[in-house]
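As structure tokens, the structure follows; a few thoughts come after it.
Please treat every number below as a calculation from the coordinates, not as lab data. For clarity, every value in this text was computed on a predicted model and none was experimentally measured. Positions of Cβ are backbone-derived with ideal geometry, glycine not excepted, and every protein chain shown enters the neighbour counts.
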Amino acid sequence: MRVLVLGAGKMVEAILTGFKKTENLSEWVIYSPSGISAQILAGKVGARVTTDPLLVKNPDWILVGCKPQQLSDLGSSLKGAFKESLFVSILAALSEEDQLEKLAGKELIRVMPNLPVEFNEGVSLLSSVSGQSRLSSMQALFAKLGTSLVVSEDELEELTLLTGSGPAFFYEFARYLAGSFTSLDEEKREALVKQVFKGAARTLKQDSESLSDLTDKVTSKAGVTIAVLNHWREMDLKDRLLSAIAAGKKRAEEIRVTLRS
Ligand SMILES: NC(=O)c1ccc[n+]([C@@H]2O[C@H](COP(=O)([O-])OP(=O)(O)OC[C@H]3O[C@@H](n4cnc5c(N)ncnc54)[C@H](OP(=O)(O)O)[C@@H]3O)[C@@H](O)[C@H]2O)c1
């Protein structure tokens with residue numbers, strides 16, 4: 001399978017590192033304007049490099065991995081050469097329609113991965129109208145990187161904050177948790193909280209019970225865990241979380257508007 005990869009930043013690196021474990025990437029060709037990031041990534045994952053994407057003829061599909069604000073430049077440099085190709089774009093905030101216009105393409109699938117795809121434990125949300133015929137095969141491919149779910153474009157836009165930003169929310173929470181104790185030093189407490197985090201994640205993987213059932217398993221009536229949880233409930237942690245997420249959604253909409261103009 002020949003895949004043209006446009007961009008070689010953090011997210012593309014995570015995707016290709018995940019795919020390296022399940023696919024042969026020797027026919028994948030990476031392009032980046034500097035050439036440096038493409039060269040380094042190609043070396044890491046066993047792919048090839050090109051200094052000009054127009055030299056790659058008839059790719060099976062094209063992975064678009066630049067930043068949304070770089071898409072117009074990328075579209076100009078492609079000169080409409082890939083009209084018949086399927087674009088698979090990981091760009092946030094730009095609609096399928098806008099991306100197709102900038103790339104002068106006909107078929108595009110939006111994929112919103114998160115960084116744990118690097119370890120084949122990610123979430124990839126997929127949506128497409130123009131690329132419907134290849135949506136299920138692309139879903140199967142991204143399933144090799146973790147959970148792969150087809151959703152509507154509106155759902156993809158909303159859930160990006162949960163799946164894409166989500167890891168950062170858990171890290172921040174874990175940091176506050178570690179900082180709520182005084183024993184040991186900060187570094188050692190962080191090491192402990194990371195292991196608690198890994199252990200809790202491992203339990204989730206093996207257990208089909210709901211999150212509240214799993215919480216109940218740790219708590220006992222009138223015990224110390226429930227004392228903390230009850231305090232959170234009394235201080236409306238749920239509502240505070242909701243308002244923080246609302247701030248993220250508002251910012252996402254502002255970015256969408258800026259990119260459209
Ligand atoms: N980071 C995340 O967690 C995450 C999650 C979901 C989706 N995404 C999406 O992933 C995309 C990339 O994000 P990132 O964090 O990986 O960015 P990044 O690290 O800044 O990488 C951007 C890459 O795009 C390349 N590039 C710039 N202009 C280009 C052009 N005209 N043609 C082709 N390639 C070009 C850059 O090349 P040089 O190296 O030569 O500068 C660089 O390799 C964004 O659209 C973002 O919305 C990111």
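Above 26 Å, the calculated P(r) of segment 109-258 contains 42 percent of its Cα-Cα pairs. Could you check what % of the DSSP bridge pairs in the chain are antiparallel, to the nearest 5? Looking only at bridges with both residues in the chain, the antiparallel portion is about 10 percent. Listed by chain and number, the aspartates and glutamates placed with their C-alpha closer than 15 angstrom to that of K144 are E23, E118, E121; residues fewer than eight positions away on the same chain are left out. A simple spin-label model places pseudo-atoms 7 Å from Cα toward Cβ; at K188 and N230 they are separated by 3.3 nm. Our coupling estimate for segment 175-191, obtained by passing each phi through the Karplus curve with A = 6.51, B = -1.76, C = 1.60 and θ = phi - 60°, is 5, 4, 4, 4, x, 8, 10, 10, 5, 6, 9, 4, 4, 5, 5, 4, 4 Hz, Gly and Pro reported as x.
Restricting the trypsin sites (Lys or Arg not before Pro) of segment 164-261 to loop positions (DSSP other than H, G, I, E, B) with no more than 15 neighbouring Cβ atoms within 10 Å leaves K221. Per the Debye formula with a single identical scatterer at each Cα and no solvent contribution, what log10 I(q)/I(0) holds for the chain at q = 0.07, 0.08, 0.17 Å⁻¹? The Cα Debye sum returns log10 ratios of -0.31, -0.40, -1.34. Calculation over all alpha carbon pairs of segment 179-261 in 5 angstrom steps from 0 returns a P(r) of 3, 11, 11, 14, 19, 18, 10, 7, 5, 2, 1, 0 percent. For the chain, averaging the sequence separation of C-alpha pairs within contact (under 8 Å, six or more residues apart) and dividing by the residue count gives a relative contact order of 14 percent.
So for segment 32-109, considering every pair of alpha-carbon atoms, how many percent are separated by more than 14 Å? In whole percent, the share of Cα-Cα pairs in segment 32-109 beyond 14 Å is 62. Stokes-Einstein, applied to the Kirkwood radius of segment 154-208 over Cα pairs at a viscosity of 0.890 mPa s and 25 °C, places its translational diffusion at 192 µm² s⁻¹.
Measuring nothing but how far apart in sequence close Cα pairs (under 8 Å, 6+ apart) lie, relative to its length, segment 3-151 scores a relative contact order of 21 percent. P(r) tail for segment 3-151: Cα pairs beyond 27 Å make up 12% of the total. Here's the list of aspartates and glutamates a cross-link from K238 could span, going by alpha-carbon distance under 17 Å and ignoring same-chain residues fewer than 8 apart: E172.
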